[in-house]
Structures are given as C-alpha cells and as structure tokens.
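In what follows, a single structure is set out as structure tokens and then discussed.
The values are calculated or read from the model by the stated rules, or taken from the named source; none is laboratory data. These numbers come from a predicted model, not from an experiment. All Cβ positions, glycine included, derive from the backbone under ideal geometry; neighbour counts span all protein chains shown. Just so you know, the surface numbers come from the protein's heavy atoms only, side chains and all, with ligands and any DNA or RNA stripped out. Shrake-Rupley method; radii C 1.70, N 1.55, O 1.52, S 1.80 Å.
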Amino acid sequence: MKKVMLVFGTRPEAIKMCPLVNELKKRKSIQTLVCVTGQHREMLDQVLKTFDVVPDFDLSIMKKSQTLFDITTAILEKIKSVLQEAKPDIVLVHGDTSTTFVTALACFYMQIPVGHVEAGLRTYNIYSPYPEEFNRQAVSIISKYNFAPTEFAAEHLVKEGKEKDSIYITGNTVIDAMKHTVTNDYTHPELEWVGDDKLIFITAHRRENLGEPMHHMFRAIRRVLEEHPECKAVYPIHMNPIVRKAADEELGDCKQIHIIEPIEVVDCHNFEARCFLCLTDSGGIQEEVPSYGKPVLVMRDTTERPEGVLAGTLKLVGTSEENIYKSFKELIENEDAYNAMARACNPYGDGFACKRIADVLEFGKYAPWVAK
Ligand code: UD1
Ligand code: UDP
C-alpha cells in the first residue's frame, strides 16, 4: 500500500487539495494522510468543514500578523517529527505558499519524494507575487512529480529542464470543486441586499499590495461606486488585520459596499457566478470567474495566469488608483467594453484533475487533459 501524505495550510490550498484528498481516499491501493500546518486557522477550518476533511496531523502554527520568518521556522521545526512518524512514500504540496515551500524543503532534507500540485505557474519576477513566485520555483527544483494545470504551465517546466516524464497536464483541481457548488436556486441575504442592482464582487489580500497599493485600490473602487448608485459591492474580507485596517479607513463608511467575514467556498462561487464583475488580487479567483463569463479586473502588476488574459476575461489593471478607476468605470459605462470581456471560457480544466492525479499515483499513468 502506497502512503500518500497531503500537506497544506491556507484557504486556497485547502480548496484545491480537499477534492484530491477525497478522491485519493476512494483508491484501494493508497493510504491517504492529511497534515495541515494551520498557517491559516479560521479560514482553513472553514474549508475543511465544507469538504468533510479531518486532518491526521495539525501543526497549528498561525499567529497574528505572522512574518515569513515565523511561518518558515515554525513549519520546518514542527513538520520533522510528523514526517518521521508517518513515513510517507510521497508528500503532495500545492501551489506557492510558505506552507508549500517549507514542506517541500523538509521533504528534501529527509529525501522524501514530493509531488507538486498546480506546478509550473510563473511570472519570472520573484518579487511579484511575493513570496509566491520564489516559493513555486523552489518547489520545482525539489519535486519528483509535477501536476501542471495547463499546457502553458507544463511548458515552463520543460523549458526549465524538468524531465518530461515527470510532468502531467491535469487541469486545475479547483475546477473539480466547481462542478458541485453553483446552483440555480442559491440565495443569500447579501444577494437580496443587492437585488436588481449590479453586484461588484471584491477580494484583496496580496502581501506586495499591503500598504499604499491597497489604499489606492480601495479609493478607486469607492470613486466608481459613488458615481454609480446602481452598483453595490460585496467584499468578503481576508482576516489579515492590515487588510482590515486599510479597508475600514477607505471604505468603512461607504453605504454601497458591504464588507463581510470570509464566506464559505460554496457561497463564494455562487457570488462569482452572479456578479456583474469582479475586482481582485487573488490567484484562485482568476481561475474561477472566467468560467462564469464575468469580467475580472486583476489589481496586480503581474499574473501567473495568462490563460484568462489571452481568453479576454481577465485584465491586469495594476495598483494605481487612476488605472483601476478608469478600467472599472469603463466596464460600468461602456457596454461594448463589458461584452468584449464577459465571455465564458474555461482554460483551467475540465473537472477531472483529481482523478488524473490519483491515477498517476495509483497506476503510474493517466488520460491527460488537452485544452480545446
Ligand atoms: C497566504 C499565502 C498566500 C495566499 C494567501 C491566501 C504565504 C506567504 N502567503 O497569505 O500565498 O495567497 O495565504 O489567502 O504563504 N489570519 C487569521 N486567520 C486566518 C488566516 C489569516 O487571523 O484564518 C491573519 C493572521 O493575522 C495572519 C495574517 O492573516 O498572520 C496573514 O496570514 P498569512 O498566512 O501570513 O498570509 P496571507 O496574506 O494570508
Ligand atoms: N474564497 C472563499 N471565501 C472568501 C474568499 C475567497 O472561499 O471569502 C475562495 C475563492 O473561491 C478561491 C480562494 O478562496 O477559491 C482564493 O483564495 P485567496 O484569495 O485567499 O488566495 P489566492 O488564491 O490568492 O492564493
């Protein structure tokens, strides 16, 4: 029996790994173990509950306003004994967080093979996104199995010299989860508040945007909302206290925006499916919203998800107040500009990524996904 351990710690990793946990648990020749680092606490637990995943190990490392040093040292120190005790044949990590990088590093020190889920995303600027671009590149040096969500991502790995037979194009596991979340009869008090007005869906949290860039983002959003009473914004806010303070200072007394606690992923997908447009600096949301055919203004200078930009549903608008203001306003006021972006496309998968990854781990082969 092969022992596969999945290690994750933040909300987006959990959203993309829990469907894989549940797929692996169905496989007879695999013993599935879950270790969470607890890099996020409340936001992680919310997802574990949704997917009914109970971790076998929990490092519980989160502290308020943690630094990269805090996260790195706490995980490295605590995960050693878990790996020694569980003795996994392979460890799966996801994406590009500090949990991902530090876990891969620990596995390297202990010579445990690493499988990287969502491998090959790149901006090639190690300060943007920060520290994620470094994290994912570093994991690629260590990883034995590379599960690339798209052909683009796989090409990066090939160009970087990874063995071709270590790369599997699977689609993104988040698309698997999306098959079951959006329903026609979904309701929510916030959607009732928006009524027939235009729902503007907002999220923001990136480390490199904390401080001035985030203030610019919020000011731009406020200006457009105040010029357009037919718009109502819902912003499920990240638990980072720095984000909360900036949002409160810039948007706290704006009647057209509801800043609410983090919502469950099922709610999040249903809000995305019903919004008029989305403003975000999140990675995962750039993958989800295109399949609902809603324009996404990405408040960042770089993206590792060019597939959605090429398809026309994502637009990189940077973090300057003027740029965000102009792009947001244009989509509200110019129907042609809006329609040009509001096209459903699904460059990130067909909903069978978890099955493919599990097939590789169980049988050593899989039926790859080819983007149409
Ligand atoms: C982390 C990841 C980032 C990912 C993001 C997803 C790193 C370095 N960053 O960034 O790649 O995009 O998660 O959201 O790995 N907090 C809570 N409760 C929670 C979660 C967070 O209180 O459930 C607060 C804590 O004060 C914490 C702070 O938010 O210190 C920041 O969390 P942290 O994991 O350090 O960074 P993120 O910005 O969330
Ligand atoms: N999400 C959620 N609740 C929220 C906000 C986001 O469930 O209140 C989901 C969203 O659907 C996506 C993921 O969280 O799947 C994105 O996570 P986040 O923006 O925290 O991180 P990133 O993707 O930028 O790493």
Would segment 171-192 turn up any residue that is closer than 23 Å to residue 369 by Cβ, open to solvent by 20 Å² or more (accessible area, probe 1.4 Å) and at pLDDT 95 or above?
-> no
Within segment 123-140, can you find the residues that are open to solvent by 10 Å² or more (accessible area, probe 1.4 Å) and more than 14 Å from the chain's Cα centre (by Cα)?
-> 123, 124, 125, 126, 127, 128, 130, 131, 134, 137, 138
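Yes or no, residue by residue, for (1) out of contact with any strand residue (DSSP E or B) (no Cβ under 6 Å at 6 or more places or on another chain); (2) closer than 28 Å to residue 65 by Cβ; (3) of a type outside the set (Lys, Arg):
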{"site": "170", "(1), (2), (3)": "no, no, yes"}
{"site": "193", "(1), (2), (3)": "yes, no, yes"}
{"site": "219", "(1), (2), (3)": "yes, yes, no"}
{"site": "223", "(1), (2), (3)": "yes, no, no"}
{"site": "238", "(1), (2), (3)": "yes, yes, yes"}
{"site": "243", "(1), (2), (3)": "yes, yes, yes"}
{"site": "253", "(1), (2), (3)": "yes, yes, yes"}
Hey, residue 352 surrounded by fewer than 16 Cβ atoms within 10 Å (Cβ to Cβ), under 21 Å from residue 20 (Cβ atoms) and modelled with pLDDT of 95 or more or not = no
When residue 223 is evaluated against the numbered criteria (1) more than 26 Å from residue 41 (Cα to Cα); (2) near ligand 2 (Cβ under 10 Å from one of its atoms), which criterion, by number, is the only one it fails?
-> (2)
Residue 241 vs. criteria closer than 17 Å to residue 300 by Cβ, open to solvent by 20 Å² or more (accessible area, probe 1.4 Å) and within 16 Å of ligand 1 (Cβ to nearest atom) | no
Taking residue 91, is it in contact with a strand residue (DSSP E or B) (Cβ under 8 Å, 6 or more places away or on another chain) and under 30 Å from residue 267 (Cα atoms)?
-> no
Residue 24 is checked against (1) aliphatic (A, V, I, L, M); (2) over 27 Å from residue 268 (Cα atoms); (3) in contact with a helix residue (DSSP H, G or I) (Cβ under 8 Å, 6 or more places away or on another chain) and fails just one. What number does that condition carry?
-> (2)
Enumerate the helices (runs of 4 or more DSSP H) found wholly within segment 251-318, keeping only those where 3 or more residues are away from ligand 1 (no atom under 16 Å from the Cβ) and not charged (D, E, K, R).
-> 265-274, 306-311
Looking at 68, 83, 44, 24, which one is near ligand 1 (Cβ under 10 Å from one of its atoms), more than 16 Å from the chain's Cα centre (by Cα) and modelled with pLDDT of 95 or more?
-> 68
Quick one: in segment 282-310, which of the residues that are of a type in the set (Val, Ile, Thr) and under 14 Å from the mean Cα position of the chain (by Cα) is surrounded by the fewest Cβ atoms within 10 Å (Cβ to Cβ)?
-> 303
Would you check which residues across segment 175-197 are assigned to a helix (DSSP H, G or I) and either within 14 Å of ligand 2 (Cβ to nearest atom) or in contact with a Pro (Cβ under 6 Å, 6 or more places away or on another chain) (or both) and list them?
-> 175, 176, 177, 178, 190
Does any residue of segment 264-275 turn out to be free of Cβ contacts under 8 Å to residues at least 12 places away in the same chain, over 16 Å from the mean Cα position of the chain (by Cα) and surrounded by fewer than 21 Cβ atoms within 10 Å (Cβ to Cβ)?
-> no
Can you name every residue in segment 234-274 that is in contact with a Ser or Thr (Cβ under 7 Å, 6 or more places away or on another chain) and either away from ligand 2 (no atom under 12 Å from the Cβ) or on the phi > 0 side of the Ramachandran plot (or both)?
-> 241
How many residues are in a helix (DSSP H, G or I), among the basic types (Lys, Arg) and more than 19 Å from residue 177 (Cβ to Cβ) when one looks only at segment 326-372?
-> 2
Those residues of segment 198-238 that are in a strand (DSSP E or B) and within 10 Å of ligand 1 (Cβ to nearest atom) come to a total of 1
